[in-house]
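Structure first, then comments.
The values are calculated or read from the model by the stated rules, or taken from the named source; none is laboratory data. No experiment lies behind these values; they were computed from the predicted model shown. Reconstructed Cβ throughout: ideal geometry from the backbone, glycine too, with neighbour counts over all protein chains shown.
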Amino acid sequence: MITRRELLAGAPLIASAAQAGQPKIAAICTTYFKFSHSQHIVDRFLIGYGWNGTHHKPPFDLVSIFVDQVGSTDLSRGREKEYPSMKSYPTIADALTLGTGKLAVDGVLLIGEHGKYERNEKRQTKYPRYEFFKEIVKVFADSGRAVPVFNDKHLSWNWDWAKEMYDTSLKMKFPLMAGSSLPVTWRTPSVEMPVNAKVGEAVCVAYGGVDSYDFHALETLQCMEERRKGGETGVKWVQAYRGENFWKAMKDGVWSRELMDAALCRSHTLKPSRPGFNNDFPTDDSMRRLVRQPVAYVYEHNDGLKSTMLLLSGLVEDFNFACHIDGRKDPFSTQMYLPMPPGRTTLANFFSPLTNNIEKLFLNKKSPYPLERTLLTTGLTAAGVESLHQSEKRLDTPHLSKIVYPAPVDSTFWRS
Amino acid sequence: MPKRVAIIATIYRYLSHAQHMGDRFLIGYPLHGKWHKGDMEVVSLYVDQKPEGDQSQERAKEFGFKVYPTIAEALRCGGEKLAVDAVLLIGEHGNYPRNDLGQVLYPRYEFFKQCVEVFEKDGRSVPVYNDKHLSYSFEKAKWMVDQSKKLGFPMLAGSSLPVTWRLPDLELPLGCEIEDALMVGVGGSDPMDYHALEAMQCMVERRKGGESGVKSVQLIDGDAVWEDKRWSRPLLVAALSRSDSPLGLTVEDARTQDLLGSGQLQKIVKKPAAYFIERNDGLRTTLLMLDGAVRDYNFAARIKGKGIASTQFFLSPTPNVTYSACLVSKIEELFVTGKAPYPVERTLIVSGALESCLQSRKQGGKKLDTPHLAVKYQGVKTPQHARE
């Protein structure tokens, strides 16, 4: 017996996509293996995902995919067979034109995360987001038409390239959305930064590596801070601390210990510091013992707001935010919760609210939240890495000083 | 003056309930973004069993209290009269036999009875928290609740599921009209079905008129579950849509799944079980125990005029199990205010419904009328789960 799926597998691609009559999406990916960002996002477009109490299938046809590195663990080819409305193409241009020579899709997913790419002397992974982006906009220019683009994570490891991506989207007038899933995932508690709050100082306690999870932690901070009174005013300077300098800075009160402790008290993954105890609060000595390579990025915004991002691998495995708000006695704090596989879950469901916001980008042709957020966090990530590279020197950031924007009033995090 | 607390436990070993709850009274716990140390002092401990890894003496030494050989002595701190302000009764974990219904015979009733004897003899009673269900036997559970009424001491019991974080932060409006409710649970009986039933109960007790009591129960298992028309397909889709841990193909390649729609559910759940619980006001509720489908606890209900509401009861990761901090904050409230933050009848009705469901299973899935479960009570207005 021939199943409908097998029947479709043999049908011409364009015809099957056209039959559905839904907007067409191209996915441009570095790689596609289990737990890679491409797998999380593209699968949600192909298969659907749990949303608002149902299995939601995005109203799009993901018609084409380009995968830069197809290794032995690749899943894209299998998915192509299983979901025949999606076809793989050998070049980015082909994926965007569906081989017609002209832009033939209505939206682009640019997922340049994971895969084997070189690292530079600063230990930044040279993911080819900018290079992919250039190829995408070339098709736009050649076709005289541009469509919305979602760029996963930060724009580029290279600030100048990131800025060029931002400028290009403005110049060519297409909506560009970017960033992490941290701003949009569940929060425990499920709270939003009050709009126009007078924020005194903010801290994010997170984990992971430099030029990796630092970006997620910076997005965690920024999605909250941008809602403060006056909106984002730009960042004046950045200074990184690590190792002994980190512990000294903590002792000297370079960042608020009250906020750091509040953020730690939102963690669901505090490493027990004493054998036989499952959930104790660490002393300074046990923190030093547990956290072998602490990293902090401390930075000041133009309106005087001080922010600190702390990577405390060994002590926590989650992202926790705390800040002072005028008029509140206690810190305002929450956790941006990531149901993280494979230890805790089987699905990385924080990609569900991210995918849902990408759907809004494609449907409304407008990013649900400002690209300037991710432009700033891209620059902050690079500046933090640079400060580490320059022996933890405080670096002025005139290029980040100009990133001024108001936050949208509406909340975009996952809460229903 | 700090409240003087006695801990009465089956065992005190790493990651046992007594350890992760008892320790929070000793070293504090995270609450509302602070490390909270309640104004409470553990003054005595009784442990029934001291298996390998026992921590009772170690804790007593470090925190300056004594381990007593009997419950009465622990409550009197070795003196003549009741010498504590509250009792934390944790009869979970330890080596106890099972009965023919498959229930572990944890001696909660027996421990509680000894507490009550001290209260009666000494002419004074103090608040008691009983961890998890009251007893494997409804008759015994009922006796426990009756004693608290008779002697006039506040009592709280139950699981951490009702009070943990919810994803999303859903609370049903008090007095809403619930048309149908379904809970998906996993794990062995009788510990895990109990947790799932209590999670469902804390939601459905908020319906118009409050809890009216359980009229009948029926537990069926095997393929008959798939064919049964009493449980709602849309509610199962809604509950499963809240899961972060679908199994089967997701384990293989991390794909998302519409488990029911794709037909995978029936393939990956080898031994489904349905617990049908019919209420006196006509509401029908179902617990589906779907081992092999997911690893988390999810709920869905159809609310008149509002459609389907659904959520996941978030069991935060081991070893912190911060959900037990949520529960300890409720126990602390009981001990400090002398008032149970939510009714012990919730746990009473769940204890009885579970026992009757297991009897139904033993009788080959026979529907059983349960006139003894006419437990009526009202839910409380203020949400009690973690949300601040």
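Residues that are of a type in the set (D, E, K, R), part of a loop (DSSP other than H, G, I, E, B), closer than 20 Å to B:Tyr29 by Cβ and over 16 Å from the mean Cα position of the chain (by Cα) do occur in segment A:303-317, at least one of them.
Figure legend. Inter-residue proximity from segment B:365-384: first residues farther than 14 Å from B:Val350 by Cβ, second residues of a type in the set (Asp, Glu) and surrounded by fewer than 16 Cβ atoms within 10 Å (Cβ to Cβ), beta-carbon distance below 6 Å, spacing 6+ or different chains. No pairs are indicated. B:Lys267 satisfies every condition listed in (1) in a loop (DSSP other than H, G, I, E, B); (2) more than 15 Å from the chain's Cα centre (by Cα) except (1). Can you find even one residue in segment B:268-281 that is within 23 Å of A:Pro341 (Cβ to Cβ), among the hydrophobic types (A, V, I, L, M, F, W, C) and in the same structural domain as B:Glu171 (by TED's automatic domain parsing)? Yes - at least one qualifying residue is present in segment B:268-281.
Only one of the listed residues (A:Ser156, A:Ser169, A:Ser85) is more than 17 Å from A:Ala27 (Cβ to Cβ), part of a loop (DSSP other than H, G, I, E, B) and not β-branched (Val, Ile, Thr). That residue is A:Ser156.
When A:Asp106 is tested against (1) closer than 17 Å to A:Asp68 by Cα; (2) touching a Lys or Arg at 6+ places or on another chain (Cβ under 8 Å), only condition (1) is not met. The number of residues in segment A:25-55 being at the interface with chain B (Cβ under 8 Å from one of its Cβ atoms) and touching a Gly at 6+ places or on another chain (Cβ under 7 Å) comes to 1. With respect to the conditions (1) within 25 Å of B:Ser243 (Cα to Cα); (2) within 14 Å of chain A (Cβ to nearest Cβ); (3) touching a helix residue (DSSP H, G or I) at 6+ places or on another chain (Cβ under 9 Å), B:Leu354 lacks only one, and its number is (2). Among the residues of segment B:281-293, is any part of a loop (DSSP other than H, G, I, E, B), surrounded by fewer than 23 Cβ atoms within 10 Å (Cβ to Cβ) and within 9 Å of chain A (Cβ to nearest Cβ)? Among the residues of segment B:281-293, not one is part of a loop (DSSP other than H, G, I, E, B), surrounded by fewer than 23 Cβ atoms within 10 Å (Cβ to Cβ) and within 9 Å of chain A (Cβ to nearest Cβ), which makes the answer no.
Just one of the listed residues (A:Leu315, A:Leu264, A:Leu259) is surrounded by 21 or more Cβ atoms within 10 Å (Cβ to Cβ), in contact with a helix residue (DSSP H, G or I) (Cβ under 8 Å, 6 or more places away or on another chain) and hydrophobic (A, V, I, L, M, F, W, C), namely A:Leu315. Taking the conditions exactly as written (over 17 Å from B:Arg361 (Cα atoms), within 14 Å of chain A (Cβ to nearest Cβ) and part of a helix (DSSP H, G or I)), does B:Leu240 satisfy them or not? Criteria met by B:Leu240.
Just so you know, in segment B:12-22 the residues that are of a type outside the set (A, V, I, L, M, F, W, C) and under 18 Å from the mean Cα position of the chain (by Cα) include one that is nearest to the other protein chains (Cβ to nearest Cβ), and it is B:His20. Quick one: what pairs do we get from segment B:332-352, first residue part of a loop (DSSP other than H, G, I, E, B), second of a type in the set (Phe, Trp, Tyr) and surrounded by fewer than 23 Cβ atoms within 10 Å (Cβ to Cβ), C-beta under 8 Å, 6+ apart or different chains? Within 8 Å, the pairs are B:Pro343/B:Tyr377. Assuming A:Asn279 fulfils every condition listed in (1) surrounded by fewer than 21 Cβ atoms within 10 Å (Cβ to Cβ); (2) without any contact (Cβ under 8 Å) to a residue 40 or more places away in the chain; (3) within 14 Å of another protein chain (Cβ to nearest Cβ) apart from one, which condition is it? Here A:Asn279 clears every test but (1). Could you list, in sequence order, the residues of segment A:36-71 that are out of contact with any helix residue (DSSP H, G or I) (no Cβ under 9 Å at 6 or more places or on another chain) and in contact (Cβ under 8 Å) with a residue 40 or more places away in the chain? Those that are out of contact with any helix residue (DSSP H, G or I) (no Cβ under 9 Å at 6 or more places or on another chain) and in contact (Cβ under 8 Å) with a residue 40 or more places away in the chain: A:Ser36, A:Gln69, A:Gly71.
Only residues that are facing chain B (nearest Cβ under 8 Å) and either touching a Phe, Trp or Tyr at 6+ places or on another chain (Cβ under 6 Å) or part of a loop (DSSP other than H, G, I, E, B) (or both) were counted across segment A:324-333, and they come to 2. Would you check if A:Gln222 is over 22 Å from A:Lys122 (Cα atoms), touching a residue at least 12 places away in the same chain (Cβ under 8 Å) and either among the aromatic types (Phe, Trp, Tyr) or touching a helix residue (DSSP H, G or I) at 6+ places or on another chain (Cβ under 6 Å) (or both)? The answer is yes for A:Gln222. Would you confirm whether any residue within segment B:311-324 is more than 14 Å from every other protein chain (Cβ to nearest Cβ) and either of a type outside the set (Val, Ile, Thr) or surrounded by 23 or more Cβ atoms within 10 Å (Cβ to Cβ) (or both)? No, every residue in segment B:311-324 fails to be more than 14 Å from every other protein chain (Cβ to nearest Cβ) and either of a type outside the set (Val, Ile, Thr) or surrounded by 23 or more Cβ atoms within 10 Å (Cβ to Cβ) (or both).
Candidates are the residues of segment A:365-392 that are more than 16 Å from A:Asn158 (Cα to Cα) and among the polar types (S, T, N, Q); the one that is surrounded by the fewest Cβ atoms within 10 Å (Cβ to Cβ) is A:Ser391.
Condition (residue is over 26 Å from A:Lys24 (Cβ atoms), within 14 Å of another protein chain (Cβ to nearest Cβ) and surrounded by fewer than 20 Cβ atoms within 10 Å (Cβ to Cβ)) applied to segment A:116-124: is it met by at least one residue? The answer is no, given that none of the residues of segment A:116-124 is over 26 Å from A:Lys24 (Cβ atoms), within 14 Å of another protein chain (Cβ to nearest Cβ) and surrounded by fewer than 20 Cβ atoms within 10 Å (Cβ to Cβ). Would you pick out the residues in segment A:56-81 that are away from every other protein chain (no Cβ under 12 Å), buried (at least 16 other Cβ atoms within 10 Å of the Cβ) and either among the small types (Gly, Ala, Ser) or assigned to a strand (DSSP E or B) (or both)? Of everything in segment A:56-81, those that are away from every other protein chain (no Cβ under 12 Å), buried (at least 16 other Cβ atoms within 10 Å of the Cβ) and either among the small types (Gly, Ala, Ser) or assigned to a strand (DSSP E or B) (or both) turn out to be A:Asp61, A:Leu62, A:Val63, A:Ser64, A:Ile65, A:Phe66, A:Val67, A:Asp68. Report yes if A:Thr346 is crowded, with 22+ Cβ neighbours inside 10 Å, of a type in the set (Ser, Thr, Tyr) and in the same structural domain as A:Ala202 (by TED's automatic domain parsing), otherwise no. When the stated conditions are applied, A:Thr346 does not pass them. Identification of helices (runs of 4 or more DSSP H) wholly contained in segment B:63-159 with 3 or more residues that are without any contact (Cβ under 8 Å) to a residue 40 or more places away in the chain yields B:108-122, B:138-151.
Listed here are the residues, each with its yes/no results for (1) touching a residue at least 40 places away in the same chain (Cβ under 8 Å); (2) within 12 Å of chain A (Cβ to nearest Cβ); (3) of a type in the set (Phe, Trp, Tyr).
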site	(1), (2), (3)
B:Ile7	yes, no, no
B:Thr10	yes, no, no
B:Arg24	yes, yes, no
B:Tyr29	yes, yes, yes
B:His32	yes, yes, no
B:Gly38	yes, no, no
B:Tyr46	yes, no, yes
B:Lys50	no, no, no
B:Gln55	yes, yes, no
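When restricted to residues that are more than 8 Å from chain B (Cβ to nearest Cβ), in a loop (DSSP other than H, G, I, E, B) and in contact with a Ser or Thr (Cβ under 9 Å, 6 or more places away or on another chain), segment A:241-270 contains 3. Of all the listed residues (A:Arg228, A:Arg274), the sole one being buried (at least 24 other Cβ atoms within 10 Å of the Cβ) and either free of Cβ contacts under 8 Å to residues at least 60 places away in the same chain or within 24 Å of the chain's Cα centre (by Cα) (or both) is A:Arg228.
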